[in-house]
1. Starting from the Cα of residue 21, move 7 Å in the Cα-to-Cβ direction to define the label point; list residues of the stretch 36-65 whose amide nitrogen is under 16 Å from there.
2. Assuming R0 = 35 Å, what is the FRET efficiency of residue 48 and residue 6, from their Cβ-Cβ distance, to the nearest 0.05?
3. Separation between the residue 133 and residue 96 pseudo-spin-labels, each 7 Å from Cα along Cα→Cβ, expressed in nm?
4. I'd like the carbon and sulfur percentage of the solvent accessible area for the stretch 21-85, probe radius 1.4 Å, heavy atoms only, ligands and nucleic acids excluded.
5. How far apart, in nanometres, would the label points at residue 146 and residue 29 be if each is projected 7 angstrom from Cα along the Cα-to-Cβ direction?
6. How large is the accessible surface per residue of the stretch 20-178, computed with a 1.4 Å probe and reported in Å² as a whole number?
7. Want the number for residue 78 to residue 125: 0.36 nm per residue separation, take away the alpha-carbon distance, what's left?
8. In whole Hz, with x marking every Gly and Pro, tabulate ³J(HN,Hα) for the stretch 44-55 from phi via Karplus 6.51 cos²θ - 1.76 cosθ + 1.60, θ = phi - 60°.
Amino acid sequence: RNNFGLFASPALLAAAVNFAKQTARGIDFDIAYRHNFTNGGRLNIHGVLTWMMERNDFTDPTNPEVAFHQLDNAGDPALRANLQVDYGRGPWDLSVTEQWIGRQTITNWQDTHAFQGNPPLDPNYASVVWFPNVFYTDVQLSYKVNKHFRFYLGVDDLFNRMPPYNTLDIAGSFTSGQ
């Protein structure tokens, strides 16, 4: 607040929205494999693929038929997957996790795509319409001291993949370039 008790402008960069309704439809595929080797080694493999087919927000309670197409917007890709591979022997465990995030639009879907019978709002918004697919790799080595304690050392985002195009997690924070 300033010296008059008023909020500075802008006072708020992002806020929650009271939705009239949300719709979501998709499928999760989950697969797991476990094997104990004769030498005492343990192998665990677990994969999950999420395929979202619909994700709409209806933000106007007075006009509940008009949707905001959320699917494929940044943060809501149609496809994403995780694969975790663990190998352990004795008190030692090594874990590698691979996360794949499918492409996402760089702006609101409706800006560059037709939706609900309406043309794109800004079809010439940018020459690049999609954030590319991205992979993130995490690695962890752990040692089990006893049933109560486990020490571990890990690296998240092993290859230091930065978010594309200088994005931040605040509405309206897109800047061009990579």
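The values are calculated or read from the model by the stated rules, or taken from the named source; none is laboratory data. Here the structure is a predicted model, which is why all the values come from computation and not from measurement. Cβ placement follows ideal geometry from the backbone for every residue including glycine, while neighbour counts extend to all protein chains displayed. All accessible areas refer to the heavy atoms of the entire protein, side chains included, with ligands and DNA or RNA removed. Shrake-Rupley method; radii C 1.70, N 1.55, O 1.52, S 1.80 Å.
1. Within reach of a label on residue 21, which here means backbone N under 16 Å from a point 7 Å along Cα→Cβ, the stretch 36-65 contributes 54-65.
2. Details: r = 48 Å, r/R0 = 1.38.
Efficiency, rounded to the nearest 0.05: 0.15.
3. For residue 133 paired with residue 96, the spin-label model returns 1.8 nm.
4. On the way: 2380 of 4210 Å².
Taking all protein chains in place, the stretch 21-85 shows 57 percent carbon and sulfur surface.
5. 4.5 nm
6. Values: 10810 Å² over 159 residues.
Heavy-atom accessible area per residue stands at 68 Å².
7. Numbers: separation 47, 0.36 × 47 = 16.92 nm, distance 2.14 nm.
Stretched out fully, the residue 78 to residue 125 stretch lengthens by 14.8 nm.
8. Residue by residue, the stretch 44-55 yields 10, 10, 9, x, 9, 10, 10, 10, 8, 9, 8, 7 Hz.
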